[in-house]
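Colleague: First the structure, then my questions, so here it is.
The values are calculated or read from the model by the stated rules, or taken from the named source; none is laboratory data. Quantities reported herein were computed from a predicted structural model and do not represent experimental measurements. Here the Cβ is made from the backbone with ideal geometry for all residues, glycine too, and neighbour counts use every protein chain on show. Surface areas here come from the heavy atoms of the whole protein model, side chains and all, with no ligands, DNA or RNA. Shrake-Rupley method; radii C 1.70, N 1.55, O 1.52, S 1.80 Å.
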Amino acid sequence: MAGTAVLGRLTWRVADVVDVRAETPRARTLVLDVPGWAGHRAGQHVDLRLTAEDGYQAQRSYSIASAPDGTRIELTVVRVEDGEVSPYLTGEIGPGDRIELRGPVGGYFVWEPAHGGPLLLVGGGSGLAPLMAMVRLRAAVGSPAETRLLVSSRSEEDVLYRAELGRLAGGGLTVVHTLTASRPAGWSGYARRVDADMLAEVGPGPAARPHAFVCGPTPFVEAVAEALVALGHEPQRIRTERFGPTGG
Amino acid sequence: MSIITRGFRGRREAASADRVPPGQYVTRDFPVLSAGPTPHTPLDRWDFSIDGEVDEPRRWTWEEFRALPSEEVTRDIHCVTKWTKLDTVWRGVSVDTLLDGVETSADHVVQYSDGGYTTNLPLEDLLDGKAWIAFEYEGEPLEPAHGGPARVLVPHLYFWKSAKWVRGLRLLDHDEPGFWEVNGYHHYGDPWREQRYWGD
């Protein structure tokens, strides 16, 4: 992967909030226009910098959920109730506001159409965001890469991008949901935390040597990555991105 | 140049402000950042090496390593993903102890780990009481998710410069960028100068 990251200094840019979309009761997507944005690769993130009137600053990293699209990027933020930044990003900020960011950052948790498939994408909660960038890119360029996307959410109302995933499924993309905390009446999908049996059923198996991308909270990623290794997937083909329970 | 973020107030940790580098926030959790699955190396197959540009490579088994003098250190740690954790307590072997008597012309070091992770830094950043190979955290054996059985602790640099699951130090006469350093992250990583990414 050497040489594939962004060259040169990552300067702070001022992005315009052009739209805000509610995704779930606790999450929303910020659509940003970033003048001078030179594009990104699916899986990369940005750093946001927020400045209070007295000069106090806070920075946070968010994965880019959108496929490369000119100077537009989309970030999905899930509200952490006692967080410092996410309550602001999921409540206060709106169209017409401006926010500083720099990026794109990260050259490892990245998929490009040229990498091909098969792909095994496993996301927990807002860990779906960078995987969504990959799925959207795959669709945008018409990649035939066989892709299995396993989405773990607490409840049906917490599922991010649900309608869009329903539209994108097919043509080599299989989307499987599991709900870990509560299920609607008549739910016929998985109803437990991701485990080795589920991963074996979702596939592709180790013989197909998929590129595996796993993103979510630390315990989720630890469990999924360990299960994939136990199933026989090569550790070098399992790329992970973890975030802690706080900080939002 | 910074613009005001309309309506953002933020939450200050005033008591510890002078211990929190720019752009960082204090967490009481201990988040995990790793690029792949957590390796699990049995202790009877674990060893630790000093190699590269040295007169004679050194190697310790787990038992030999644990028989070395160790010390308890309390330090603040700073992750490039923005969290800072204050007053973390570790037990480990000082790198000074491991390099005592080693003849080398090297200026640079690559830490290398199970799972293939590497990270580079100047040799002087590991010397004179600045770095340890840690095997306990808060009085308990270091958990695999946090780098156990042993990880590097170089608390004055961003924490990706403290390799988890470390198996050795390779001394080099040239700088050799490691895993994150070829993926866009800074070659040195001083949190007080906010050296997160290339060009910072």
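Colleague: Return a yes/no flag: does the stretch A:135-155 have any residue that is open to solvent by 20 Å² or more (accessible area, probe 1.4 Å) and within 13 Å of another protein chain (Cβ to nearest Cβ).
Modeller: no
Colleague: From B:THR104, B:THR118, which residue is of a type in the set (Ser, Thr, Tyr) and in contact with an Asp or Glu (Cβ under 6 Å, 6 or more places away or on another chain)?
Modeller: Details: B:THR118 fails: in contact with an Asp or Glu (Cβ under 6 Å, 6 or more places away or on another chain).
Going through B:THR104, B:THR118 in turn, the sole match is B:THR104.
Colleague: From the list B:VAL32, B:VAL95, which residue is at pLDDT 95 or above and either more than 30 Å from A:ALA58 (Cα to Cα) or not acidic (Asp, Glu) (or both)?
Modeller: On the way: B:VAL32 fails: at pLDDT 95 or above.
Within the list B:VAL32, B:VAL95, the selection yields B:VAL95.
Colleague: A further question follows. Those residues that are surrounded by fewer than 16 Cβ atoms within 10 Å (Cβ to Cβ) and either closer than 16 Å to B:HIS187 by Cβ or within 12 Å of another protein chain (Cβ to nearest Cβ) (or both), I need them from the stretch B:102-124; list them, please.
Modeller: Passing the criteria: B:ASP107, B:GLY116, B:PRO122, B:GLU124.
Colleague: Next question. Answer yes or no: is there a residue in the stretch A:213-236 that is surrounded by 18 or more Cβ atoms within 10 Å (Cβ to Cβ), in a loop (DSSP other than H, G, I, E, B) and either away from chain B (no Cβ under 14 Å) or of a type in the set (Lys, Arg) (or both).
Modeller: Scanning the stretch A:213-236, I find no residue that is surrounded by 18 or more Cβ atoms within 10 Å (Cβ to Cβ), in a loop (DSSP other than H, G, I, E, B) and either away from chain B (no Cβ under 14 Å) or of a type in the set (Lys, Arg) (or both), so the answer is no.
Colleague: Can you tell me which of (1) in contact with a helix residue (DSSP H, G or I) (Cβ under 8 Å, 6 or more places away or on another chain); (2) more than 7 Å from every other protein chain (Cβ to nearest Cβ) is the one B:GLY36 doesn't meet?
Modeller: Status for B:GLY36: all satisfied but (2).
Colleague: Within the stretch A:92-102, restricting attention to residues that are open to solvent by less than 10 Å² (accessible area, probe 1.4 Å) and part of a strand (DSSP E or B), which residue is farthest from the other protein chains (Cβ to nearest Cβ)?
Modeller: Going through the qualifying residues, I end up with A:LEU101.
Colleague: Inspect all residues belonging to the stretch B:22-32 and state whether any of them is of a type outside the set (S, T, N, Q), more than 7 Å from chain A (Cβ to nearest Cβ) and not in a loop (DSSP other than H, G, I, E, B). It would help to see each step written out before you state the result.
Modeller: Here is the first cut: in the stretch B:22-32, the residues of a type outside the set (S, T, N, Q) are B:22-23, B:25-26, B:28-32.
Of the ones still in play, those that are also more than 7 Å from chain A (Cβ to nearest Cβ) are B:22, B:26, B:28, B:30.
Retained after the next criterion (residues that are not in a loop (DSSP other than H, G, I, E, B)): B:26.
Yes, the conditions are met somewhere in the stretch B:22-32.
Colleague: Evaluate the following for A:VAL20: is it open to solvent by less than 40 Å² (accessible area, probe 1.4 Å) and within 30 Å of B:ALA17 (Cα to Cα)? Working first, answer last.
Modeller: Working: open to solvent by less than 40 Å² (accessible area, probe 1.4 Å): yes; within 30 Å of B:ALA17 (Cα to Cα): no.
Answer is no for this residue.
Colleague: Checking A:GLY125 against (1) open to solvent by 20 Å² or more (accessible area, probe 1.4 Å); (2) more than 14 Å from the chain's Cα centre (by Cα), which test does it fail?
Modeller: Here A:GLY125 clears every test but (2).
Colleague: Something else: So which of B:THR88, B:THR74, B:THR41, B:THR61 ends up being more than 14 Å from chain A (Cβ to nearest Cβ) and within 16 Å of B:GLY147 (Cβ to Cβ)? Show your work before the answer.
Modeller: On the way: B:THR74 fails: within 16 Å of B:GLY147 (Cβ to Cβ); B:THR41 fails: more than 14 Å from chain A (Cβ to nearest Cβ); B:THR61 fails: within 16 Å of B:GLY147 (Cβ to Cβ).
Result of the check over B:THR88, B:THR74, B:THR41, B:THR61: B:THR88.
Colleague: Scan the stretch B:151-161 and give yes if some residue there is open to solvent by 10 Å² or more (accessible area, probe 1.4 Å), of a type in the set (Phe, Trp, Tyr) and over 19 Å from B:THR84 (Cα atoms), otherwise no.
Modeller: No: zero hits.
Colleague: I've got another one for you. Please state which of the following conditions B:SER2 fails to meet, knowing it meets all the rest: (1) within 30 Å of A:HIS233 (Cβ to Cβ); (2) open to solvent by less than 70 Å² (accessible area, probe 1.4 Å); (3) in a loop (DSSP other than H, G, I, E, B).
Modeller: (1)
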